1. Using a 1.4 Å probe over the heavy atoms of the protein chains, calculate the carbon and sulfur portion of the accessible area of the chain as a whole percent.
2. Given a cut-off of under 8 Å on Cα pairs at least six residues apart, what relative contact order in percent is computed for region 12-131?
3. Per residue of region 138-147, what does 6.51 cos²θ - 1.76 cosθ + 1.60 with θ = phi - 60° give for ³J(HN,Hα)? Whole Hz please, x for Gly and Pro, Karplus curve as stated.
4. Once you have a ≥ b ≥ c as the square roots of the Cα gyration tensor eigenvalues for region 167-291, tell me rounded if a/c is under 1.5, and otherwise prolate or oblate according to whether a/b is larger than b/c.
5. Over the chain, what is the relative contact order in percent, taking alpha-carbon pairs closer than 8 angstrom and at least six residues apart?
6. When Rg is the radius of gyration of the Cα atoms in region 68-225 and Rh is its Kirkwood radius, what does Rg/Rh come to?
7. Per residue, how many Å² of accessible area does the chain show with a 1.4 Å probe?
8. With no solvent and one point per C-alpha, what does the Debye sum give as log10 I(q)/I(0) for region 1-104 at q = 0.14 Å⁻¹?
Amino acid sequence: GPESLVVEVASNDGYLLQHVVAAGVPCLGVEPAANVAAVAEANGIPTRVAFFGEDEARRMVGEGVRADLLLGNNVLAHTPYLNSFVAGMKALLAPEGVITMEFPHLVSLIDQNQFDTIYHEHFSYFSFTAVTRVFARHGLDLFDVERLPTHGGSLRIYGCHAGARPGSDRAAALLADEQAWGVDDLQTYAAFAERVREAKRGLLDFLVDAARAGKTVAGYGAPGKGNTLLNYCGIRTDLLAYTVDRNPYKQGTFTPGARIPIYAPEHIFETRPDYLLLLPWNLRDEIATQMEGIRAWGGQFVVPIPRVEVF
């Protein structure tokens, strides 16, 4: 309501906070990229240019800022200063306030063999067990959690000052599920490593067999996860002719490391490849709908994760 304050950490261009503004609720974004923050400000979204952490949070409190709702989507796993970040949330949160954060779920990552999402941008890969322990260290309880389908499987956690709210059945159930899954067992992670190696072998087998059969394979997308996949598997233009991306800033460039050229999506219909390898596999249904036209010449889609699937 109008007496509340919503603070978003890593608020980007204000895409989420615009809805808070429209609802008449006071808000503040915290965004380290000055050029991106300027876009938010131009759209009427108050934005503070800063990296969030304990020191910045205490400066904000000193200026009278306390968050009734403190949120951040896909930022917790990106900070190299995790304890400072969580301590900052503790400092900034109003006594009855709520924290909500979203991030990819480690259990989904391992169960679905999503090794290509492990790359430099991410500093942490959280189970609910681990993040509960981190928050508890700083006097915060995680009283509820939701499981989401985004990014191949994510968690939305809800936090408060220790003792301020009772824990939900969902939170207790997920902690129990993770224990049964083997979250504290090193063998869980060793087994994952072998599945990653097998996924590499499976993808290379498919690409080599296609090349020997005289079939052409092109890629769709140039995401961070795709670069991890291409470089780990050692895929070059002899196996993947090119990839395409809708982002005009990527077109006319090359993927890092693998040096695979990136074109506009229209290039697919000019060259008519036999297979289209979907590098952002988490968007497979959306892309398959957009690129349905490849069926006209018998083209098929391929996803590499959790294992090679042609459809």
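1. 54 percent
2. Answer for region 12-131 is 21 percent.
3. Result, ordered by residue: 9, x, 10, 9, 9, 8, 7, 7, 10, 9 Hz.
4. Prolate, because a/c is 1.5 or more and a/b exceeds b/c.
5. Once normalised by length, the contact order is 12 percent.
6. That ratio is 1.08, to two decimals.
7. Spelled out: the 1.4 Å probe surface of the chain, per residue, equals 48 Å².
8. -0.47
The values are calculated or read from the model by the stated rules, or taken from the named source; none is laboratory data. Just so it is clear, the structure is predicted and the values come from calculations on it, not from any experiment. Using ideal geometry, Cβ is built from the backbone for each residue, glycine included, and neighbour counts are taken over all protein chains shown. These accessible areas exclude ligands, DNA and RNA; they are computed on the full protein's heavy atoms, side chains included. Shrake-Rupley method; radii C 1.70, N 1.55, O 1.52, S 1.80 Å.
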